[in-house]
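What follows is a single structure, written as structure tokens, with notes after it.
The values are calculated or read from the model by the stated rules, or taken from the named source; none is laboratory data. Here the structure is a predicted model, which means the values were calculated and not measured. Reconstructed Cβ throughout: ideal geometry from the backbone, glycine too, with neighbour counts over all protein chains shown. We work out accessible area using only protein heavy atoms, side chains counted, and drop any ligands, DNA or RNA first. Shrake-Rupley method; radii C 1.70, N 1.55, O 1.52, S 1.80 Å.
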Amino acid sequence: MRLNTAANLAATAALLIVGVHLLSFEMSPEREDLDSKQLRARIDSLRAQADETRQLIAAMRRHAVVEATPAPVALPRRPPPSVKRMRADTSKLHTVVLAVMAHDREASLRDCLRAVLTSSGATQLLRVGVSMDAPYAYAALRAEAQNAAKAYDVRIDCWEHAYAARPKTPRVFAGSPESKISEHVYKALVEGFRVDGARYVILLEDDLRAASDFFSVFSVGVQLLEHDESLWCVSAWNDNAGIAGMHGWRPDSLRRTSYFPGLGWLTSKQTWDSVLQPSWPAAPTTGWDHWLRAQDSLSGRECVFPEIPRVKHVATGGSTNVRGGEAAAFERRAFAGASTVETFELAGFDEAELKEAVLSAKRVSVEAAKGTQTDVSVVVKFVEEHQKLAKLFDLWHTELRGYNRQGVLALRRKGGATVYLLDMRRCPWIQERISDAGSVVIKASQPGVACTSVCRAAQKTCDPKLLVFADRCDLLRKHFPCEAGCGHQLGPELPAFVARPGRDTSGQCLVASGGFTPTCDAKHPATQRLCVCV
């Protein structure tokens with residue numbers, strides 16, 4: 001945990017003052033009037049002051065308290081509330097590199113490049129690169145890239161890097177599809193940010209097809225990231241867009257989410273260098289994107305996304321993890337393929353305005369909200385009720401996505417009404433909020449012990465609705481070594497630390513990120529649980 005800014009500044013200033021005194025004394029003529037014994041005593045005194053100041057700073061950091069449920073991080077939020085709409089300006093893409101990931105499907109790469117390079121604004125990009133990880137397909141993919149470069153009059157670099165598992169990758173995980181895809185994403189981003197002048201990289205997989213105004217969304221996103229430190233990415237995808245034509249989503253509207261959407265996304269060199277690259281995982285067993293969503297280093301920051309996606313998922317073969325029914329679901333998803341929006345609404349960006357809209361909306365039950373013709377709000381538990389909500393509102397099926405850092409998921413309905421789903425654990429604006437005040441976080445002493453037993457041993461009780469509060473990497477690190485990092489998995493015994501060796505997750509701290517409801521009685525012979533007791 002970092003010290004607060006005021007404390008950091010005060011402590012640093014004190015240390016600098018002592019250092020200046022020491023330096024000025026050592027250079028001062030006053031030294032000539034002291035004998036060697038007095039001189040040494042004077043210098044030692046000043047250096048002792050410096051040591052005491054350093055120890056004070058260290059103590060402040062050691063004793064900083066991490067609360068069980070911290071308040072939302074107060075980050076600068078710009079543009080100012082008066083800015084309701086923003087114009088697309090593709091000239092802002094001159095520091096953006098487009099990195100297209102390709103494995104071994106030359107036809108898919110051809111179609112991907114055709115769609116994205118004919119999107120308005122493509123010629124404004126700093127560079128286009130095709131990242132390839134299958135040596136047997138290099139020649140065919142390179143030929144496609146060269147043909148596209150000639151056809152669309154753009155420079156396209158080809159980056160070749162055969163798969164190699166990174167150091168510390170468990171042998172049982174090395175070579176898996178998840179490992180291969182994760183390494184390809186990593187290397188594509190590395191190559192993109194190596195381009196001279198690159199400040200942003202858009203990562204696009206070859207099984208995605210870009211809309212006509214794909215780059216318009218990203219040009220607005222770049223402008224927002226330039227001025228808003230509470231944002232870290234821009235995505236072309238909306239997990240909750242649902243079936244085309246069934247909802248009231250607008251093609252000219254952008255929103256914010258604390259849940260990483262992926263599927264055609266941009267981030268900055270600053271975020272890559274300081275947050276993502278240094279901690280890239282050796283074993284993201286459920287996928288690199290789920291690993292990324294679990295990282296508390298991005299806590300409090302959000303992504304920009306369009307209400308109607310600017311990419312369409314089309315492929316089901318190769319190394320993609322999309323199969324069967326999920327591929328069919330992607331096919332039915334809304335897609336603003338021919339959209340030519342020039343000015344975008346910034347929906348929900350003004351926090352005060354959003355709060356007012358939420359509190360003024362009529363409070364109703366989940367069932368009553370489905371067919372509403374007026375704005376309504378519904379208080380729910382995102383983790384426990386996501387399957388029910390997904391069926392009622394045509395949302396993403398695995399876990400609730402698209403909500404912002406205040407725990408608000410805004411859904412536009414046909415006819416213009418908006419349904420606000422408010423999470424009982426996250427939303428600070430509701431009286432029904434579930435609180436973990438008075439609870440304590442206790443770790444299991446050994447693997448295979450349920451939280452019921454852990455709490456009973458401490459003469460306390462396990463409350464299942466509070467277990468979700470411990471589903472955080474930073475809390476796990478306070479109680480376990482997490483030497484293999486913090487990752488994502490699914491199971492009722494999470495959050496937990498994998499203590500048993502020989503597994504692909506060994507040494508990892510695991511969170512479910514809202515994808516599974518934890519229970520008090522769940523246990524696993526390989527993991528030590530982190531429990532919340534009252």
Within the stretch 159-177, residues being open to solvent by 30 Å² or more (accessible area, probe 1.4 Å) and in contact with a strand residue (DSSP E or B) (Cβ under 8 Å, 6 or more places away or on another chain) number 1
Inspect the stretch 380-402 for any residue being touching a strand residue (DSSP E or B) at 6+ places or on another chain (Cβ under 6 Å), open to solvent by less than 20 Å² (accessible area, probe 1.4 Å) and part of a loop (DSSP other than H, G, I, E, B) and give the result as yes or no.
yes
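For every residue, the table says whether it meets (1) touching an Asp or Glu at 6+ places or on another chain (Cβ under 7 Å); (2) under 21 Å from Ala294 (Cα atoms); (3) of a type outside the set (D, E, K, R).
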site: Arg425; (1), (2), (3): no, yes, no
site: Lys443; (1), (2), (3): no, yes, no
site: His479; (1), (2), (3): no, yes, yes
site: Gly487; (1), (2), (3): no, yes, yes
site: Ser506; (1), (2), (3): no, yes, yes
site: Gly514; (1), (2), (3): yes, yes, yes
site: Gln528; (1), (2), (3): no, yes, yes
Tally of residues being open to solvent by 40 Å² or more (accessible area, probe 1.4 Å) and either in contact with a His (Cβ under 8 Å, 6 or more places away or on another chain) or at negative phi (or both) across the stretch 406-428
3
Taking the condition more than 19 Å from the chain's Cα centre (by Cα) and crowded, with 19+ Cβ neighbours inside 10 Å, does Asp153 pass?
no
From the set of residues in the stretch 178-207 that are without any contact (Cβ under 8 Å) to a residue 60 or more places away in the chain and within 27 Å of Thr90 (Cβ to Cβ), which is surrounded by the most Cβ atoms within 10 Å (Cβ to Cβ)?
Arg194
State yes or no: is Ala139 surrounded by fewer than 16 Cβ atoms within 10 Å (Cβ to Cβ) and free of Cβ contacts under 8 Å to residues at least 24 places away in the same chain?
yes
Over the stretch 367-379, the set of residues assigned to a helix (DSSP H, G or I) and open to solvent by less than 10 Å² (accessible area, probe 1.4 Å) is Ala369
Among the residues of the stretch 484-509, how many are charged (D, E, K, R) and in contact with a Leu (Cβ under 8 Å, 6 or more places away or on another chain)?
0
For the stretch 257-300, give me each residue that is of a type in the set (D, E, K, R) and either surrounded by fewer than 20 Cβ atoms within 10 Å (Cβ to Cβ) or over 9 Å from the mean Cα position of the chain (by Cα) (or both).
Lys269, Asp273, Asp289, Asp296
Would you mind stating whether Arg477 is of a type in the set (D, E, K, R), open to solvent by 40 Å² or more (accessible area, probe 1.4 Å) and either without any contact (Cβ under 8 Å) to a residue 12 or more places away in the chain or within 30 Å of Trp249 (Cβ to Cβ) (or both)?
no
Cβ-Cβ below 8 Å, separation at least six or inter-chain, first residue in the stretch 393-422 and acidic (Asp, Glu), second open to solvent by 20 Å² or more (accessible area, probe 1.4 Å) and part of a strand (DSSP E or B): which pairs?
Asp394/Ile243
All-but-one check, Ala522 against (1) among the small types (Gly, Ala, Ser); (2) surrounded by fewer than 22 Cβ atoms within 10 Å (Cβ to Cβ); (3) at pLDDT 95 or above; (4) farther than 21 Å from Gln387 by Cβ, failing number (4)
Between residues in the stretch 208-229 that are among the acidic types (Asp, Glu) and residues that are crowded, with 24+ Cβ neighbours inside 10 Å, which pairs lie under 7 Å by C-beta distance while being six or more apart or on different chains?
Asp213/Arg310
Based on this model, can you work out whether Val468 counts as aliphatic (A, V, I, L, M), closer than 20 Å to Thr169 by Cα and surrounded by 20 or more Cβ atoms within 10 Å (Cβ to Cβ)?
no
Which numbered condition Val498 misses (of (1) surrounded by fewer than 21 Cβ atoms within 10 Å (Cβ to Cβ); (2) β-branched (Val, Ile, Thr); (3) free of Cβ contacts under 8 Å to residues at least 40 places away in the same chain)
(1)
